[in-house]
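Shown next, in structure tokens, is the structure this report addresses.
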Amino acid sequence: MWSVYALLTDEAPPIDTAWLMQECTDVFGLRGCTIRQYLLPFTRWPSVDLRWGDWLARLTYEKSEAVLADARTIRELVRDELPDGASAAAIGRCDRRIRVVFGDDPGRDYTNHMIEILGLLEDIPGALLFDAERKAWWV
């Protein structure tokens, strides 16, 4: 599994799970993808699950003090390597994010799907993508 966070700065538009569901439906709905909203047990936020066969990508919109704390930790981890146009102050105010978790893909059958999902997130104004596994910005 692989996780990426799209930290949503003050410049990002209003986003919620319904928006995320609509965007995913618009982009992936006619591409052999099964899309559903799902609430995992013991979680606060519903996710949008994108499934091609047995492979799954799960996107979750989150807004909380825990997200803010994570953003501040990320800011300190990569303070000297900020994305173009981003400020440490803006990152430190991020209390919203979209977390995407990609299923394992040892045969690299779904690499293009991952790239398209990341592209959807990159297209959000004010979104900064952070690779949680590499502890680095996705650029």
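The values are calculated or read from the model by the stated rules, or taken from the named source; none is laboratory data. Since the structure is predicted, the reported quantities are computational estimates derived from the model, not experimental observations. Neighbour counts run over all protein chains shown; Cβ positions are idealised from the backbone, glycine included. Surface areas here come from the heavy atoms of the whole protein model, side chains and all, with no ligands, DNA or RNA. Shrake-Rupley method; radii C 1.70, N 1.55, O 1.52, S 1.80 Å.
If one computes the Cα centroid of segment 99-139 and of segment 19-80, what distance in Å separates the two points?
Cα centres, segment 99-139 to segment 19-80: 11 Å.
With +1 assigned to the C-beta of every Lys and Arg and -1 to the C-beta of every Asp and Glu, and no other charges, what is the dipole magnitude of the chain about the Cα centre in debye, to the nearest 20?
Numbers: 16 positive and 23 negative charges, 71 e Å.
The dipole of the chain has a size of about 340 debye.
Ignoring ligands, DNA and RNA, please state the percent of accessible area on the chain from carbon and sulfur, probe 1.4 Å.
Heavy-atom surface of the chain belonging to carbon and sulfur, 1.4 Å probe: 51 percent.
I need the per residue convex hull volume for segment 1-83, using only the alpha carbons, in cubic angstrom as a whole number. Walk me through the numbers before you get to the answer.
Values: hull volume 11.3 nm³, N = 83.
Value for segment 1-83: 136 Å³ per residue.
Express the relative contact order of the chain as a whole percentage, based on alpha carbon pairs under 8 Å and six or more residues apart in sequence. Walk me through the numbers on the way to the answer.
Values: 230 pairs, mean separation 53.4, N = 139.
Relative CO of the chain lands at 38 percent.
Taking the C-alpha atoms of the chain, how large are the radius of gyration and the largest Cα-Cα span, Dmax, in Å?
14.6, 42
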